[in-house]
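**Student:** Dropping the structure in here first, questions after.
The values are calculated or read from the model by the stated rules, or taken from the named source; none is laboratory data. If you're wondering where the values come from, they're calculated on a predicted model, not measured in any experiment. All Cβ positions, even for glycine, are placed from backbone atoms using ideal geometry, and neighbour counts span all protein chains on display. Just so you know, the surface numbers come from the protein's heavy atoms only, side chains and all, with ligands and any DNA or RNA stripped out. Shrake-Rupley method; radii C 1.70, N 1.55, O 1.52, S 1.80 Å.
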Amino acid sequence: MSLCTKTTIFKNRTHTKNPSFIFRASFLRRKDLRSSWLLLAPLLTPPIPMITAMPCSLCPEGAHRFQWIRNLVPEFGISSSHVKVLSSPAEFYELLKVQIKAAKQRVVMASLYLGTGLLEQELVNCLEEALEKSLQANESPNLRVSILLDYTRGSRGRRNSRTMLIPLLQRFPEQVRVSLFHTPNLRGLLKLLIPERFNETIGLQHIKVYLFDDNVILSGANLSDLYFTNRQDRYVLLQDSPEIADFFTELVDAIGDVSLQLQQDDTVEMIEGMVHPYQGDKVRYCEIANQRVMEVINSARARQELLHTKTFHSSQQGSSVLPQHSSETAGGLKPEPDTWIYPLIQMKPFGIQIDEMVTETLLTEAERDARIYLTTGYFNLTQAYMDLVLGTRAEYRILLASPEVNGFFGAKGVAGAIPSAYVYIEHQFYNEVCCLHQQERIQLQEYSRAGWTFHAKGLWLYLAGSNLPCLTLIGSPNFGYRSVHRDLEAQVAIVTENKALQQQLHQEQEQLYLCSGVVSSSTFEQPSRHVKLWVKLVTPLIKNFF
């Protein structure tokens with residue numbers, strides 16, 4: 001059966017009117033996927049059962065149609081005035097420094113790694129300055145700094161993330177915590193044989209969250225000089241949002257508790273009593289990690305549900321006395337929320353697949369004439385996502401990196417061929433779109449910008465008949481196999497009714513897409529798109545690792 005035939009069958013199947021059937025079907029289909037590397041097959045099997053909670057059918061009206069997401073995760077209602085969309089690496093970097101210096105209670109930073117250049121050292125200096133100020137102001141300093149990085153990426157080379165942070169640990173041992181997550185899938189003979197850099201393909205801590213007191217930055221950017229200068233990503237600031245800040249603090253703490261703890265002498269240790277990620281029992285370790293993370297999610301969800309109930313009853317009782325929109329001026333109460341934040345977590349090694357469930361449902365339920373702008377720096381969609389794009393009804397504008405702005409462009413050794421592998425994957429997908437005569441509904445666009453690389457990821461959803469998006473996904477996932485199956489990921493769904501915030505999100509989307517050109521068959525005839533035979537042969541075997 002040809003790919004076109006299979007996709008047509010799937011398309012017909014997904015047009016059923018039963019959304020729960022569609023949702024279950026997509027997950028049953030995913031179970032049939034197999035890795036091309038049979039030796040690594042045990043790594044792809046989740047150690048514990050998948051989450052089975054199903055969303056309810058989508059509500060018909062506006063932004064409220066997405067409230068089913070709160071059946072899975074906490075829903076945080078905030079004012080759109082607390083949301084600011086950033087546009088440039090320089091703006092992101094300056095904001096990080098300002099927020100660190102202003103922090104009084106907590107700085108929590110989760111990233112893949114911390115770079116070792118001058119700009120990264122300036123960030124460390126800002127942390128040191130803030131910690132010193134807190135130490136001098138109080139006998140018992142209030143400021144606490146918690147940093148979560150990936151163990152393999154953060155340990156790469158002689159000078160690395162660990163050596164950058166050890167001085168802080170030595171000077172402020174009671175205020176600073178550095179946790180290094182080590183995937184439980186890299187163990188035994190595999191850990192012994194796979195060299196540095198290549199060991200990062202097995203699984204990573206990929207979450208990027210930066211919070212300072214009650215202000216939270218969600219992004220796909222790492223703490224490295226390229227992400228502060230000429231590597232385009234996405235960034236959103238949630239200001240004065242204590243409940244959201246508490247949630248991500250607890251999430252980072254939970255992952256930190258099952259991670260290796262960096263010591264002052266550059267050794268690492270597990271918290272006493274915790275199962276070791278690669279020396280201990282794998283199933284037990286994953287069970288504990290699942291329990292810790294799900295406890296954070298479920299506790300926050302219960303708190304928010306209770307808050308919703310209290311708010312509803314209060315508004316009902318006081319509606320005849322106090323108009324909702326005047327609440328900010330009466331007694332200092334918060335204004336009526338017009339924006340909702342849903343944290344979406346994906347940690348397949350621990351059996352947590354919330355982000356995948358929500359993303360698949362959003363793609364499945366997107367109505368005819370709705371538009372989805374989807375962007376990824378590494379175009380390597382899972383088969384499930386690919387089937388949904390090809391087989392459902394919405395219009396898609398997919399933004400991806402041209403070879404010249406791919407982060408691996410010009411790299412030495414085998415890594416230098418990775419942009420060609422992405423071109424090959426892109427070409428295959430484009431051929432499938434053409435085979436199905438879907439070129440009008442599904443359009444690929446390549447980001448190209450001299451002297452820059454491209455790392456933005458996420459999506460914007462425009463409902464049918466609307467010129468502004470009411471939902472965006474922003475965070476660390478790339479919509480690829482790694483994001484779904486191997487790495488620890490987090491993003492947020494931001495749903496808003498506020499036109500000003502919708503306009504901000506629309507402008508962000510437009511700004512990114514302005515630097516792109518539409519892909520056509522002639523694109524792949526260019527000399528720069530030539531893919532060597534060996535790359536074509538190897539790509540199907542390794543595409544699940546990058």
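**Student:** Could you tell me which numbered condition Ile271 fails, if it satisfies all but one of (1) part of a loop (DSSP other than H, G, I, E, B); (2) open to solvent by less than 40 Å² (accessible area, probe 1.4 Å); (3) farther than 30 Å from Ala401 by Cβ; (4) among the β-branched types (Val, Ile, Thr)?
**Tutor:** It fails just one condition, (2).
**Student:** Oh, and also: In segment 205-225, is there at least one residue being assigned to a helix (DSSP H, G or I), touching a residue at least 12 places away in the same chain (Cβ under 8 Å) and under 30 Å from Gln511 (Cα atoms)?
**Tutor:** Yes - at least one qualifying residue is present in segment 205-225.
**Student:** Mind checking which residues of segment 529-546 are farther than 30 Å from Asn199 by Cβ and open to solvent by 60 Å² or more (accessible area, probe 1.4 Å)? Give the derivation first.
**Tutor:** To start, the set of residues in segment 529-546 that are farther than 30 Å from Asn199 by Cβ comprises 529-530.
Result: His530, single match.
**Student:** What is the residue count in segment 233-248 for residues that are part of a helix (DSSP H, G or I) and either closer than 11 Å to Val83 by Cβ or open to solvent by less than 20 Å² (accessible area, probe 1.4 Å) (or both)? Give the steps one after another, and end with the answer.
**Tutor:** Step one: of segment 233-248, the residues part of a helix (DSSP H, G or I) are 242-248.
Okay, now just the ones that are also either closer than 11 Å to Val83 by Cβ or open to solvent by less than 20 Å² (accessible area, probe 1.4 Å) (or both), so 244-245, 247-248.
Total meeting the criteria: 4.
**Student:** Just to be sure before I move on: is Gly458 of a type in the set (Gly, Ala, Ser), closer than 26 Å to Glu356 by Cβ and open to solvent by 10 Å² or more (accessible area, probe 1.4 Å) in the structure I sent?
**Tutor:** Spelling it out, it is not the case that Gly458 is of a type in the set (Gly, Ala, Ser), closer than 26 Å to Glu356 by Cβ and open to solvent by 10 Å² or more (accessible area, probe 1.4 Å).
**Student:** Six or more apart or on different chains, Cβ atoms under 8 Å: show the pairs whose first residue is in segment 244-259 and farther than 19 Å from Trp340 by Cα and whose second is among the acidic types (Asp, Glu).
**Tutor:** Within 8 Å, the pairs are Ala254/Glu295.
**Student:** Which residue, of Pro49, Pro55, is in a loop (DSSP other than H, G, I, E, B), open to solvent by less than 50 Å² (accessible area, probe 1.4 Å) and at pLDDT below 65? Break it down stepwise before answering.
**Tutor:** Details: Pro49 fails: open to solvent by less than 50 Å² (accessible area, probe 1.4 Å).
Answer to the check: Pro55.
**Student:** While we're here: Could you check segment 182-231 and list, in sequence order, the residues that are aromatic (Phe, Trp, Tyr) and either open to solvent by 10 Å² or more (accessible area, probe 1.4 Å) or at positive phi (or both)?
**Tutor:** Within segment 182-231, Phe198, Tyr227 meet the criteria.
**Student:** Additional query: Determine whether Phe379 is without any contact (Cβ under 8 Å) to a residue 24 or more places away in the chain and surrounded by fewer than 23 Cβ atoms within 10 Å (Cβ to Cβ). Outline the logic, then answer.
**Tutor:** Working: without any contact (Cβ under 8 Å) to a residue 24 or more places away in the chain: no; surrounded by fewer than 23 Cβ atoms within 10 Å (Cβ to Cβ): yes.
The answer is no for Phe379.
**Student:** In segment 477-517, how many are in a helix (DSSP H, G or I) and in contact with a Cys (Cβ under 8 Å, 6 or more places away or on another chain)?
**Tutor:** Taking segment 477-517 first, the residues in a helix (DSSP H, G or I) are 481-486, 499-513.
Filter once more, keeping what is in contact with a Cys (Cβ under 8 Å, 6 or more places away or on another chain): 502.
Qualifying residue count, segment 477-517: 1.
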